[in-house]
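The values are calculated or read from the model by the stated rules, or taken from the named source; none is laboratory data. All of these numbers come straight from a predicted model, not from anything done at the bench. Neighbour counts run over all protein chains shown; Cβ positions are idealised from the backbone, glycine included. When the accessible area is computed, the model is the full protein with side chains, heavy atoms only, and any ligands, DNA or RNA have been set aside. Shrake-Rupley method; radii C 1.70, N 1.55, O 1.52, S 1.80 Å.
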Amino acid sequence: MTSNSSLEERMAAVEAAITEIQEQIAPTQSMNWLEQITGSFKDEPAFEEILALGQAIRRGDESVLDAPEME
């Protein structure tokens, strides 16, 4: 039959393993959604064009809205 000390050691090992598994599957600290997408459009020509058009509209140059689409 198993002695109490052996049973206690086995229980401690099981508890340690469970703790380790819980730490591994625990969700990592979630970042802010803005931090997750920051830089995702870096060096994207279409995004740069959108930024330029938005700035032109904010400056009052709404003629960019009537410009033919670029491909």
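Data overview
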item: Members of segment 1-20 that are of a type outside the set (Val, Ile, Thr), open to solvent by less than 100 Å² (accessible area, probe 1.4 Å) and at pLDDT below 75; result: Ser3
item: Count of segment 23-52 residues which are out of contact with any helix residue (DSSP H, G or I) (no Cβ under 8 Å at 6 or more places or on another chain) and outside any helix (DSSP H, G or I); result: 13
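Matching residues to (1) under 23 Å from the mean Cα position of the chain (by Cα); (2) at negative phi; (3) of a type in the set (Asp, Glu):
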{"site": "Met11", "(1), (2), (3)": "no, yes, no"}
{"site": "Asn32", "(1), (2), (3)": "yes, yes, no"}
{"site": "Glu44", "(1), (2), (3)": "yes, yes, yes"}
{"site": "Ile50", "(1), (2), (3)": "no, yes, no"}
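Residues are listed down the side, and each one gets a yes or a no for (1) modelled with pLDDT under 85; (2) open to solvent by 70 Å² or more (accessible area, probe 1.4 Å):
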{"site": "Gln22", "(1), (2)": "no, yes"}
{"site": "Thr28", "(1), (2)": "yes, yes"}
{"site": "Ser40", "(1), (2)": "no, yes"}
{"site": "Pro45", "(1), (2)": "no, yes"}
{"site": "Ile50", "(1), (2)": "no, yes"}
{"site": "Ile57", "(1), (2)": "no, no"}
{"site": "Val64", "(1), (2)": "yes, no"}
